[in-house]
Amino acid sequence: MIIQSIFKAKNLVTALVACFILLVGIDTAKADLCKNVKFKFTNNHSMGRKISVDKIMYWDKSDNIWRTEDVKPDTECDINDTCYTDEEDLEHVENEVIEKVRFIYKELADGKWTDNIEGGNKLTNDNGECVKGKIYDGFTITGKS
């Protein structure tokens, strides 16, 4: 009887420790989430086409990798318009400087959307840290080169 009580208590402690570790891990992952970030860009497509931005890629300098954020909903932008993505949450970069951005977009050609096109490396126009509500601007999309 005593052995069963000790075994049950040991299992309970193990389960509680596992739950604690899981919760701490979840909080840590959320801790470096840069929330409500927007990207402002101008569509100066060389062939006068409407574009639709589907993804934003951003350089995570501390981890030395490109990260990708889906733009939901896709942001359509007519020729010569300046547009904003909806607010996005960027993982792993809160309070870090984002120096490079790539736009993944489609073009409206002959009434049909093209496959995704990568907009190349675009340097951000400031060295500000990624903080809640940040707007990265100064980007121009000119189409395939």
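Read-outs throughout are calculated quantities, based only on the coordinates presented, and are distinct from any laboratory measurement. Everything numeric in this text was worked out from a predicted model, so none of it was measured. So basically every Cβ, Gly included, is an ideal-geometry build from the backbone, and we count neighbours across all protein chains shown.
What distance in nm separates the simple spin-label points at residue 95 and residue 132, each placed 7 Å from Cα in the Cβ direction?
1.4
Taking a 26 Å limit on the Cα-Cα distance, which of the listed pairs 40/112; 61/112; 35/112; 35/144; 50/132 fall beyond it?
Violating the 26 Å limit, Cα to Cα: 61/112; 35/112; 35/144; 50/132.
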